[in-house]
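Here's the structure we're looking at; comments come further down.
The values are calculated or read from the model by the stated rules, or taken from the named source; none is laboratory data. This is a predicted model, so every value here is computed, not measured. Cβ placement follows ideal geometry from the backbone for every residue including glycine, while neighbour counts extend to all protein chains displayed. We work out accessible area using only protein heavy atoms, side chains counted, and drop any ligands, DNA or RNA first. Shrake-Rupley method; radii C 1.70, N 1.55, O 1.52, S 1.80 Å.
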Amino acid sequence: MVEKTPILDTLTYVFLILGILIVGFPIIYALIAATLPIEDVSRVPMPLIPGDQFLVNMKAAWVKGDLGTQLTNSFIMASGITIGKIIVSLFGAFSIVYFDYRLRKIAFVSVFCTLMLPVEVRILPTYEMAANLLGPIQSLVDLLHLGWLMDWFATHDISVTLELSLLDSYPGLILPLVASATCTFLFRQFFLTIPEELCEAAKMDGASAMTFFRKILLPLSKTNIAALVVIEFVYGWNQYLWPLLITTNPKMMTAVIGLQNIIPQADDLPFWNVAMAGSLIVMLPPVLVVLFMQRWFVKGLVDPEK
């Protein structure tokens, strides 16, 4: 039943418009600043009437910030994190729900416990691993004094150093962030709602576990996957701390970090119009993903297919 309450409807619209203005004002302000010349954007207060320098400022931001390379790096990183998280989480949840093995509960509890650990807590050991993937093997070689054994076989001194670094590389940007406890938990909860009879019917028809996964679970998970694509792409695109640690080569810099090259420093002219234009360019790809996936995103959150 839908009730007609004009007063409540009016109040609802008033609060809705106020909320939109509060949330959207920084973006509107940045959009207006990106259209103004430096003389207008430096005035206090800044005029709120758009100017005609939008394309000029966009071009200046693109060239000054080298945004072409950085946007490519950000897109590869965000896409890799999104695809990796969904694949790992799907198989993790599938294993926990549909396979009966001894350490299944321990595996789920371990995954669940990582929900309580923010990225900042894990970032130092993660960096150590990314700096040298073979570090644990090197420690084992040193602990067991295997170098002495090699010296004995070779009859002269041999120094063994194992090193495989992921610094300044796409795998280094992507791989440490592909494990997601949240996605695994959400897929597990969804798989638990699928009737057991469906799995039994697939077994009676001779379907293997992977056939059941590929032909039944994946199609049923389409809306969930679509919703998580949006969430994880925005998450990957907005990463700041991890790319800041893992990359020192300017060619591997992401767009979010590269914005600092456009922001005016203390001794520079206040080209805030160019900085705002650069911010809008960096903001555009995740906005487009949200707009393009909006229908599937909402459906995945409120109406999963079963």
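Any residue in the stretch 195-212 that's without any contact (Cβ under 8 Å) to a residue 60 or more places away in the chain and farther than 17 Å from Phe91 by Cα: show its pairings with residues that are part of a helix (DSSP H, G or I) and of a type in the set (A, V, I, L, M, F, W, C) at Cβ separation under 7 Å, as long as the two are six or more apart or on different chains. Close Cβ pairs satisfying both conditions: Leu198/Ile216; Ala202/Phe212; Ala202/Ile216.
Does Leu259 qualify as being part of a helix (DSSP H, G or I), touching a helix residue (DSSP H, G or I) at 6+ places or on another chain (Cβ under 9 Å) and either under 17 Å from Gln70 (Cα atoms) or not acidic (Asp, Glu) (or both)?
Details: part of a helix (DSSP H, G or I): yes; touching a helix residue (DSSP H, G or I) at 6+ places or on another chain (Cβ under 9 Å): yes; either under 17 Å from Gln70 (Cα atoms) or not acidic (Asp, Glu) (or both): yes.
Considered against the rule, which asks whether it is part of a helix (DSSP H, G or I), touching a helix residue (DSSP H, G or I) at 6+ places or on another chain (Cβ under 9 Å) and either under 17 Å from Gln70 (Cα atoms) or not acidic (Asp, Glu) (or both), Leu259 comes out as yes.
Counted as qualifying within the stretch 123-232 are the helices (runs of 4 or more DSSP H) with 3 or more residues that are of a type outside the set (A, V, I, L, M), at pLDDT below 85 and surrounded by fewer than 12 Cβ atoms within 10 Å (Cβ to Cβ), namely 146-154. The residue that is nearest to Glu163 (Cα to Cα), among those in the stretch 92-122 that are in a helix (DSSP H, G or I), open to solvent by 70 Å² or more (accessible area, probe 1.4 Å) and charged (D, E, K, R), is Arg122.
Evaluation of Pro264 against the conditions (1) open to solvent by less than 30 Å² (accessible area, probe 1.4 Å); (2) modelled with pLDDT of 90 or more shows that the sole unmet condition is (2). Answer with yes or no whether Gln239 is closer than 16 Å to Met77 by Cα and assigned to a loop (DSSP other than H, G, I, E, B). For Gln239, the condition - closer than 16 Å to Met77 by Cα and assigned to a loop (DSSP other than H, G, I, E, B) - is met.
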